[in-house]
Amino acid sequence: MERRNAWKSYSPEDIEKLTQLSEGYKKYISEGKTERECTSISADSARACGFITLDEAVKKGGLNPGDKVMIQNMGKALMLAVIGKDPIEKGMNILGAHIDSPRLDLKQNPLYEHTELVYLDTHYYGGIKKYQWVTVPLALHGVIVKKDGTTVTVSIGENADDPVFCVSDLLIHLASKQMEQKASVAVEGENLDILFGSMPLSVEEKDASKAGVLRILKEHYGVEEEDFLSAEIEVVPAGKARDCGIDRSMVIGYGQDDRICAYTSLMALLDQQGIPDRTSVCLLVDKEEIGSVGATGMESRFFENSVAEIMALTGEYNELSLRRALAGSFMLSSDVSAAFDPAYESVFEKRNTAYFGRGIVFNKYTGARGKSGSNDANAEYMASLRRVMDDAGVAFQTAELGRVDAGGGGTIAYIMANYGMNVIDSGIAILSMHAPWEVSSKADIYEAYKGYKAFLLNMK
């Protein structure tokens, strides 16, 4: 039952393809550090491959087999579909991933001065170890929307000549009490404030350092302090994704949960040749890290409404046909899995865990404790996936998320399963998940891409 390391079977041609895919992936996560950026980059890539918008599909009079259509949701989520030969009512093959990642968000009233130092107040987003975010170089990404509707795009900290930001930490010489605390409280959430400036504007003015920062914001971005009220600024690790390891076999970068599955899913769809039998879908959504809530999360009606719009343009739509299409679909809920880490092996069960280099991971169930909050895929569906992967020569493995009662987690799978469709959690094993810098295996990236392509083409 032990799965073979995929590296051992690669030809020079495989290594070349793997390297090319990994270079594209590093660029994707280096430039796409927010859900807005990922949506924009993905939509641009789709446009270059012949995808049209829903409005353009309406103008051309509908959709036919082979047509490619994309639908955005508030600039933070995206659905791509390639219309198949079979009626959509018979079901679709769906790859679904999320493009939000743990981070720090600026509060609505973030800017303040204390002892002539200027800070930005934050609220962390998603599950993080707060102590990991201190003393590392940070960048600001997002948008500021002014009252007149003008949108100012913010990206500071990525270029070589940009300033970066940080959260300070207590020096070791004075940290005896801090070092005795639990890791969960050694750094408090309210103390994750960003050091933003320190140069006073003038000697007489009150809060002169804050005034100096506001002048810079006015001169360079045309924004006032009150414009933060209608801003979405995310604080993320500064810097590009890079090769990891002397053999360059791994990737280290921010946001690999879950943009690693988003990118491989996207490329699997964009690289699809010909007209598929079943309509192929790539779904990239927001808010998974906080429960898939809100208008851009999987709990919204975005996906369902988009399918209805597409079916209307193929001449198939009615309520019953829509319900049949959703129930008859197959889906890979593509999210990362925890890679076995020898430094912390006590929380893993070795026979049922994911390992670097052994390919795409299938989690029949996730959840916590007694599978709470999980989608438990049925055996028939798992058997079909085994056939598809083996026939395509895809390296795959199965896993659980750690030892029983050691913790747990979930994805969007249980939400999609509400439609009655077959869904399973699948993805790529990650080391240091949810840390500012996560690590993945290039072999697993390649095998996931191959597996997603095989699923879209052959799952019936």
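Shown for the stretch 307-460: the carbon plus sulfur share of the solvent-accessible area, taken with all protein chains present and a 1.4 angstrom probe, equals 49%. Computed from backbone phi, the HN-Hα couplings of the stretch 304-318 come to 4, 5, 5, 4, 4, 4, 5, 5, 5, 7, 9, x, 9, 5, 7 Hz, rounded to whole numbers (Karplus: 6.51 cos²θ - 1.76 cosθ + 1.60, θ = phi - 60°; Gly and Pro given as x). Across the stretch 170-179, coupling constants 3J(HN,Hα) worked out from phi with the 6.51/-1.76/1.60 Karplus curve, θ = phi - 60°, read 6, 4, 4, 5, 10, 9, 4, 5, 4, 5 Hz, and Gly and Pro carry x.
Of the cross-linked pairs Lys130/Lys182; Lys371/Lys450; Lys107/Lys147; Lys17/Lys450; Lys147/Lys218; Lys8/Lys450, which ones have a Cα-Cα span greater than 20 Å in the structure shown?
Working: Lys130/Lys182 12 Å; Lys371/Lys450 29 Å; Lys107/Lys147 18 Å; Lys17/Lys450 11 Å; Lys147/Lys218 15 Å; Lys8/Lys450 17 Å.
Those over the limit are Lys371/Lys450.
Between the alpha-carbon centres of the stretch 55-131 and the stretch 228-246 there is a gap of 16 Å. Rolling a 1.4 Å probe over the heavy atoms of the protein chains gives the stretch 343-458 an accessible area of 41 Å² per residue. Helical content of the chain, expressed as a calculated mean residue ellipticity at 222 nm, amounts to -9000 deg cm²/dmol (DSSP H runs of 4 or more residues, -39,500 (n - 2.57) each, divided by residue number, nearest 500).
Summed over the residues of the stretch 1-88 and divided among them, the accessible surface reaches 51 Å² per residue at a probe radius of 1.4 Å. Working from label points 7 Å from Cα in the Cα-to-Cβ sense, the His114 to Val293 distance is 2.7 nm. Put simply, the amide H of Thr279, placed in the peptide plane, has neighbours under 5 Å in Gly84, Asp86, Asn93, leaving out anything fewer than 5 places away on its chain. When each of the peptides 79-89, 253-263 is scored by how many other beta carbons lie within 10 Å of its residues on average, the order from highest to lowest is 253-263, 79-89. In this simple spin-label approximation, Ser321 and Ile216 carry label points 7 Å from Cα along the Cα→Cβ vector, and these lie 5.8 nm apart.
Out of every Cα pair in the stretch 342-460, what percent are spaced more than 20 Å from each other? Of all Cα-Cα distances in the stretch 342-460, 44 percent exceed 20 Å.
What lysines does Lys240 reach when the alpha-carbon gap must be under 21 Å and sequence neighbours fewer than 8 apart in one chain are set aside? In chain and number order, the partners are Lys26, Lys27, Lys33, Lys442. Between the stretch 394-446 and the stretch 319-392, how many Å separate their Cα centres? Each part's Cα centre sits 7 Å from the other's. Rounded to whole numbers, the Karplus 3J(HN,Hα) couplings from phi for the stretch 53-70 are 7, 4, 4, 5, 5, 5, 5, 7, x, x, 10, 10, x, x, 5, 10, 9, 10 Hz, using 6.51 cos²θ - 1.76 cosθ + 1.60 with θ = phi - 60°, and x at Gly and Pro.
Would you mind calculating the gained length between Tyr10 and Thr135 on full extension (0.36 nm times residue separation, minus the Cα-Cα distance), in nm to one decimal? List each step's numbers first, then the result.
On the way: separation 125, 0.36 × 125 = 45.00 nm, distance 4.01 nm.
Extra length from Tyr10 to Thr135 when fully extended: 41.0 nm.
When each of the peptides 66-73, 203-210 is scored by how many other beta carbons lie within 10 Å of its residues on average, the order from highest to lowest is 66-73, 203-210. In a simple Cβ point-charge model (Lys, Arg +1; Asp, Glu -1; nothing else charged), the chain has a dipole of about 1540 debye relative to its Cα centre. Let me make sure I get this right: for the stretch 168-218, a, b and c are the square roots of the gyration tensor eigenvalues over alpha carbons, sorted descending. Under 1.5 in a/c it's rounded, otherwise prolate if a/b > b/c, else oblate. Which is it? Since a/c reaches 1.5 and a/b is larger than b/c, the shape of the stretch 168-218 is classed as prolate.
If I stretch the segment between Asp376 and Ser198 completely, what's the gain in nm (0.36 nm per residue apart, minus their alpha carbon distance), one decimal? Don't skip to the answer; put the middle values down first.
Details: separation 178, 0.36 × 178 = 64.08 nm, distance 5.32 nm.
Here the segment from Asp376 to Ser198 would lengthen by 58.8 nm.
The values are calculated or read from the model by the stated rules, or taken from the named source; none is laboratory data. Just so it is clear, the model here is predicted, and its values are computed rather than measured. Here the Cβ is made from the backbone with ideal geometry for all residues, glycine too, and neighbour counts use every protein chain on show. When the accessible area is computed, the model is the full protein with side chains, heavy atoms only, and any ligands, DNA or RNA have been set aside. Shrake-Rupley method; radii C 1.70, N 1.55, O 1.52, S 1.80 Å.
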